[in-house]
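K.L.:
Before anything else, here's the structure in question.
Laboratory data are not the source of any read-out in this text; all were calculated from the coordinates shown. In this text the structure is predicted, and so the values were computed from the model without any measurement. As a convention, Cβ positions derive from the backbone with ideal geometry for all residues, glycine included, and neighbour counts pool all protein chains shown.
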Ligand code: PEP
Ligand code: MN
């Protein structure tokens with residue numbers, strides 16, 4: 001994908017791109033009311049879902065095609081670009097016919113290559129920007145695959161939307177940010193715009209500001225934030241929607257950082273980081289050598305590879321030590337789990353005699 005282009009080149013007030021609007025279109029009045037207020041605050045791109053993918057049947061599944069007319073009316077009255085979510089051929093055809101400016105593919109749809117391909121086939125030959133949310137599962141290749149399907153259909157104005165990844169159980173975030181995934185996406189596709197959706201990531205109003213700031217600090221290109229004229233009465237995602245007034249307040253408090261300025265001291269610090277990373281890798285390889293020797297011993301004594309008590313001791317002691325040094329225990333748990341997994345893999349190789 002050598003010719004990726006920005007989704008919009010409209011005149012924004014500095015960075016970032018801001019896309020705002022309700023989770024769902026509910027009525028013409030709600031759409032026009034929200035759109036006018038957002039436009040007064042300088043928002044240039046308006047979002048609203050017309051077809052809503054609900055986890056279970058019986059929820060509010062969107063107003064359907066009639067909502068497209070409301071979006072077009074909002075566009076005519078405010079001059080904003082309008083965008084909506086599409087999940088199949090019928091949605092794409094209806095949105096293109098209505099004159100929607102930008103389409104997005106939702107997280108559940110990005111996870112399904114058949115659906116993405118259907119959308120790509122239908123979109124081919126049309127010059128419309130497409131935003132692709134990360135799939136619900138943390139699978140970067142699947143995300144890139146979805147982007148590639150749209151790109152191969154001749155669409156080059158593409159942006160990725162990072163909205164976090166599903167995990168089982170209740171957590172601080174509705175969807176885990178797993179920032180390393182969009183960071184790797186940026187490394188793999190440096191010309192691809194990445195927009196953060198702090199609304200679906202946090203799932204709560206109070207997390208929108210900190211997540212937005214974090215996304216900007218990481219150099220993301222924009223934000224997609226759910227905004228509703230009367231959030232408490234919203235038919236979907238009400239706990240994460242904010243009024244246009246609150247949105248405006250949050251946007252005004254965000255700090256924009258320099259992106260291109262690399263000071264000499266910063267590059268010196270980066271050199272130190274590079275050196276420390278190399279040291280870490282060397283130490284890890286030393287640990288793996290010892291681990292293989294242990295594997296050899298276990299093989300000779302017909303011992304099993306994983307000893308739960310020993311692993312439990314390692315995990316707890318490393319987490320405790322990390323905490324003493326000012327790191328989070330759960331971070332160290334991830335590190336130890338990854339090291340242990342590689343160590344077990346290497347010992348199994350020794351057992352199978354594929355390694356000296
Ligand atoms: C949405 O944007 O309203 C939506 C359904 O989001 P996601 O696909 O990220 O769940
Ligand atoms: Mn929503």
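K.L.:
Rank the residues 192, 81, 247 as a footprinting-exposure proxy: fewest other Cβ atoms within 10 Å of their Cβ go first.
P.N.:
Ordered from fewest to most neighbouring Cβ atoms within 10 Å, 192, 81, 247 come out as 81, 192, 247.
K.L.:
Given R₀ = 25 Å, what would the calculated FRET efficiency be for residue 308 paired with residue 168, taking r from the Cβ atoms and rounding to 0.05? Spell out each step's value before the answer.
P.N.:
Working: r = 23 Å, r/R0 = 0.91.
In this case the efficiency is close to 0.65.
K.L.:
Could you list 38, 216 so that the one with the fewest beta carbons within 10 Å of its beta carbon is first and the one with the most is last? Write out the running numbers ahead of the final one.
P.N.:
On the way: 38 28, 216 20.
Starting with the residue having the fewest Cβ neighbours, the order is 216, 38.
K.L.:
If you don't mind, another one. Taking only C-alpha pairs under 8 Å that are 6+ residues apart, what is the relative contact order of segment 193-251 in percent? Don't skip to the answer; put the middle values down first.
P.N.:
Details: 78 pairs, mean separation 21.4, N = 59.
Result for segment 193-251 is 36 percent.
K.L.:
Sticking with this structure for a sec: To make sure I understand, if each residue's beta carbon is the centre and we count other beta carbons within 10 Å, what order do 318, 187 fall in, fewest to most?
P.N.:
Taking fewest neighbouring Cβ atoms as first place, the list is 187, 318.
K.L.:
Taking R0 as 56 Å, what's the FRET efficiency between residue 344 and residue 89 from their Cβ-Cβ distance, rounded to 0.05?
P.N.:
Values: r = 46 Å, r/R0 = 0.83.
Efficiency for this residue pair is about 0.75.
K.L.:
Next up: Using Cα atoms only, what is the angle between the long axis of helix 66-78 and the major principal axis of the chain, expressed in degrees (0 to 90) to the nearest 10?
P.N.:
The helix 66-78 is inclined about 80 degrees to the chain.
K.L.:
At 7 Å along Cα-to-Cβ for each site, give me the label-to-label distance between residue 278 and residue 27 in nm.
P.N.:
Here the answer is 6.6 nm between the modelled labels.
K.L.:
So, one more: So if each residue of separation counts as 0.36 nm, and I subtract the Cα-Cα distance between residue 96 and residue 270, what length gain in nm does that give?
P.N.:
Values: separation 174, 0.36 × 174 = 62.64 nm, distance 4.71 nm.
57.9 nm is the gain from fully extending residue 96 to residue 270.
K.L.:
How large is the helix-only mean residue ellipticity at 222 nm for the chain, computed as the sum of -39500 (n - 2.57) over DSSP H runs with n ≥ 4, divided by its residue count, in deg cm²/dmol to the nearest 500?
P.N.:
Numbers: 13 runs with 175 residues, N = 356.
Helices in the chain give a 222 nm mean residue ellipticity of -15500 deg cm²/dmol.
K.L.:
Is the C-alpha gyration tensor of segment 17-253 telling us rounded, prolate or oblate? Criteria: a/c under 1.5 is rounded; beyond that, a/b larger than b/c is prolate, otherwise oblate.
P.N.:
Values: a/c = 1.36, a/b = 1.07, b/c = 1.28.
Taking the square roots of the gyration eigenvalues as a ≥ b ≥ c, segment 17-253 is rounded.
K.L.:
Work out, step by step, the length gained on full extension between residue 256 and residue 294: first 0.36 nm times the residue separation, then minus their alpha carbon distance; give nm to one decimal. Walk me through the numbers before you get to the answer.
P.N.:
Working: separation 38, 0.36 × 38 = 13.68 nm, distance 5.14 nm.
Full extension from residue 256 to residue 294 adds 8.5 nm.
K.L.:
Cα axis of helix 28-40 to longest principal axis of the chain: angle in degrees, 0 to 90, nearest 10?
P.N.:
Long axis of 28-40 versus the principal axis of the chain: about 80 degrees.
K.L.:
Report, in degrees rounded to the nearest 10, the 0 to 90 angle that the Cα long axis of helix 113-123 makes with the longest principal axis of the chain.
P.N.:
Rounded to the nearest ten degrees, it is 30.
K.L.:
Here is a further query. Mind running the shape call on segment 1-127? Use the C-alpha gyration tensor, a ≥ b ≥ c as the square roots of the eigenvalues: rounded below 1.5 for a/c, prolate if a/b tops b/c, oblate otherwise.
P.N.:
Values: a/c = 1.74, a/b = 1.14, b/c = 1.52.
Oblate is the answer for segment 1-127, as a/c is 1.5 or above yet b/c matches or exceeds a/b.
K.L.:
Right, something else. According to the square roots a ≥ b ≥ c of the eigenvalues of the Cα gyration tensor, what is the shape class of segment 264-355, taking rounded for a/c under 1.5, prolate for a/b larger than b/c otherwise, and oblate for the remainder?
P.N.:
Numbers: a/c = 3.66, a/b = 1.65, b/c = 2.23.
Oblate.
K.L.:
Take every Cα pair under 8 Å in segment 17-253 that's 6+ residues apart, average their separations, divide by the length, and report that relative contact order as a whole percent.
P.N.:
Values: 472 pairs, mean separation 42.9, N = 237.
After rounding, I find 18 percent.
K.L.:
A follow-up question, please. Along Cα→Cβ, 7 Å out, is where each label goes; now give me the distance between the ones at residue 204 and residue 328 in nm to one decimal.
P.N.:
1.4 nm
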